[in-house]
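Some notes on the structure that comes next.
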Amino acid sequence: MWSAAEPISLGTADRARLKSWIRSKATPQCIALRAQIVLMAADGLSNNRIADELGVSRPTIIDWRRRFAEGGVDSLGEIRKGGTPGRIPALPKATVDAIIDLTLHSKPKGATHWSCRSMAQAAGVSPAAVQRIWSAHGLKPHRVETFKLSSDSHFIEKLTDVVGLYLNPPAKAIVLCVDEKSQIQAVDRTQPGLPLKRGRCGTMTHDYKRNGVTSLFAALNVAEGKVIGQCYGRHRHQEFLRFLKRLDDAYPRRLKLHLILDNYGTHNHPRVGQWLAAHPRFVLHFTPTGSSWLNLVERWFRELTDKQIRRGAFGSVRDLVHAIREFIAAYNRDPKPFIWTATAQSIIDKVSRCKATMETL
């Protein structure tokens with residue numbers, strides 16, 4: 001049973017005013033809540049029942065009943081502290097500048113980067129204030145991106161060659177991005193994961209069992225987006241030659257095949273060179289050292305990892321190879337070519353700026 005409560009006496013005009021506050025989208029939520037409290041109290045509902053239906057505490061109900069009794073409807077719109085509802089007092093400019101300077105030019109003791117809480121403690125503000133400052137100035141100390149500047153002495157020549165194939169492919173030829181994803185582990189989980197359900201994501205154990213490895217040789221057709229892939233137990237020049245022979249059989253002999261490759265040793269093996277000399281329709285284009293991002297098949301490897309390998313469970317290498325083949329078949333049914341847009345000059349300019357920045361450190 002709800003405890004009895006003395007109803008509030010509310011006139012017709014005041015009742016209409018309170019209802020208009022509740023209906024208006026411009027009314028601050030805190031004031032709309034107070035209006036609901038008074039209206040429900042005027043209808044004879046108990047404090048406990050009002051608190052239960054509105055999801056507030058009983059002392060809050062009692063406080064606003066008292067304030068209404070003392071000051072009427074106008075008292076419901078008063079803000080005791082902080083000015084306008086929802087308005088957060090601005091921090092002094094000196095404090096904001098100090099937080100930005102600390103974020104950019106220092107590190108907390110015993111850590112590699114600042115967190116909202118560690119910065120808040122150092123600056124004497126709230127973590128929420130730190131987050132607002134970081135968001136306003138585009139600062140994300142919790143994130144880091146990787147990069148690598150190529151030391152290849154022929155960087156510009158190789159870059160221009162590869163980008164030229166993307167932006168201006170030769171006529172009567174096929175451009176293929178070729179690479180190997182080596183040492184793919186057939187990982188199985190120690191226990192079955194729980195399935196996805198409403199309110200809960202799928203789960204998998206953090207520990208796992210290794211059941212062997214395979215190496216995937218893949219060629220991405222830049223124009224069509226289709227992929228030819230083959231898994232081998234080892235990653236040597238012998239396997240690379242076998243894959244080249246498969247590419248030779250897969251495309252019409254009248255077409256030249258331009259292959260974009262990295263500088264891995266198997267691609268420059270003498271036996272590979274002999275085979276290529278006997279098959280002149282194969283033209284190799286090497287990316288600069290340390291520039292795997294230039295090879296679009298690396299982007300496709302990410303698709304394979306994210307959508308089939310990382311969350312998979314494979315009891316054997318055979319299961320892993322089957323899953324890779326299944327992904328390739330599904331991908332080729334509706335291929336989406338990766339479109340290269342950056343010019344060679346824009347990349348050269350960006351690398352030059354990065355080198356200039358590093359020289360100042």
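Every number here is computed from the coordinates shown, using simple stated rules; none is lab data. Please read all numbers here as calculations on a predicted model, not as lab measurements. Cβ atoms come from the backbone with ideal geometry, glycine included; neighbour counts cover every protein chain shown.
If we sort 205-216, 269-280 on the protection proxy, mean other Cβ atoms within 10 Å, highest first, what's the order? Don't skip to the end; give the middle numbers.
Numbers: 205-216: 14.3, 269-280: 12.7.
Packing order, densest peptide first, comes out as 205-216, 269-280.
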Which one is right for this structure if mean projected area of the Cα convex hull in nm² is calculated from it: [x] 23.0; [y] 26.7; [z] 30.7?
[z]
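For every other residue with a beta carbon closer than 11 angstrom to the beta carbon of Leu10, add +1 if it is Lys or Arg and -1 if Asp or Glu, then tell me the sum. Could the numbers behind the result be given before it?
Working: positive: Arg15, Arg17, Lys19; negative: Asp14, Asp43.
Spelling it out: positives minus negatives among the neighbours equals +1.
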Ser57 to Lys209: FRET efficiency via 1/(1 + (r/R0)^6), r the Cβ-Cβ distance, R0 45 Å, to the nearest 0.05?
0.30
Sort 190-199, 98-107, 21-30, 300-309 for me by packing, meaning the mean count of neighbouring Cβ atoms within 10 Å per residue, highest on top.
300-309, 98-107, 21-30, 190-199
Assuming 0.36 nm per residue, please report the length gained on full extension of the stretch Asp319 to Thr357 beyond their Cα-Cα distance.
8.9 nm
Which of the lysines could a cross-linker bridge to Lys336, judged by Cα under 24 Å and excluding same-chain residues fewer than eight apart?
Lys172, Lys181, Lys226, Lys256, Lys307
Residues listed by number, segment 195-223, amide nitrogen under 19 Å from Ala171 label point at 7 Å toward C-beta:
223
Going by alpha carbons, how many degrees (0 to 90, nearest 10) lie between the helix axis of 12-23 and the longest principal axis of the chain?
10 degrees
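Calculate, for Arg67 and Arg200, the FRET efficiency according to 1/(1 + (r/R0)^6) with r their C-beta to C-beta distance and R0 45 Å; round to the nearest 0.05. Walk me through the numbers on the way to the answer.
Values: r = 44 Å, r/R0 = 0.97.
Efficiency computed from Cβ-Cβ geometry: 0.55.
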Take each of the peptides 47-53, 11-17, average the number of other beta-carbon atoms within 10 Å over its residues, and list them starting from the highest.
47-53, 11-17
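By the scheme Lys and Arg +1, Asp and Glu -1, what is the net charge of all other residues having a beta-carbon under 13 Å from that of Val297?
For residues surrounding Val297, the net value is -1.
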Between Lys336 and Gln238, the two model label points (7 Å from Cα along the beta-carbon direction) sit apart by a distance in nm of 4.0 nm
Long-range amide H partners of Arg189, meaning residues 5 or more apart or on another chain whose placed amide H is closer than 5 Å, are Lys209, Phe314
